[in-house]
Amino acid sequence: MTTTGRRALLTAGISAAAAAALPGCSASEEPRPRKPGAAEVEAERVARAEAALRLRSVTASRTLLERYDAALAAHPALAPRLTPLRRSVAAHTKALGEGGTTVRPATAAPSPSVTATASIGVSASASARPAPSPVHAAADPRAALEELAAAERSASDAHTAALVTAPPEYARLLASVAAAGAAHAYLLTEGARA
């Protein structure tokens, strides 16, 4: 082979290699998102489950707080008895919502339909929640106390049931709040008779 032949062959080879490489360098082609690993997918699943658990727990406590507000509005004479319990429920609601989790998808290119932020705080926007139906207290003060006690037991039962799936630190908090709810139910009914 002559020098000219070798140069022509070399030039043709370089041209072919460059032509093959150019489509990969094209600005119109976007990089492919990497596929998440099993550990990332599992971590996302756990974070979503914890966010849902926190939301349910905060919602149960907020509902209880609304019942206290309705009872206090209907029966102002019960304020000395109900205000300390209401204050405790408000503190529990805040504690259950603190440290909310933010869930991000495990893929490198997040899509708006997959990205979910579940940061749960007591001051969550009202637009994010459906408008609650107004809570009314019984006209009779004794019946209103019975309703509050039943609501305390219901919230306590919900927190106790959530212990099974809660992460350890949150489970301890749920157990404390559930125990306080049981004590509140006693104070609202049996404790008044003693």
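Only the coordinates and a few stated rules stand behind these numbers; no lab work does. Values in this document were obtained by computation on a predicted structure and should not be read as measured data. For neighbour counting, all protein chains shown are included, and Cβ atoms are generated from backbone atoms with ideal geometry for every residue, glycine included.
Quick notes
- With a Förster radius of 35 Å applied to the C-beta separation of Glu42 and Glu66, the computed FRET efficiency comes to 0.45.
- Inter-label distance, nm, simple model (7 Å from Cα along the C-beta direction), Arg142/Ala183: 2.8
- Virtual paramagnetic centre 7 Å along Cα→Cβ of Arg87, amide N under 16 Å, in the stretch 48-70: 69
- From most to least packed by mean Cβ count within 10 Å, the peptides 38-47, 136-145 give 136-145, 38-47.
- Estimated dipole of the stretch 132-194 in Debye, rounded to 20 [Cβ of Lys and Arg +1, of Asp and Glu -1, Cα centre]: 100
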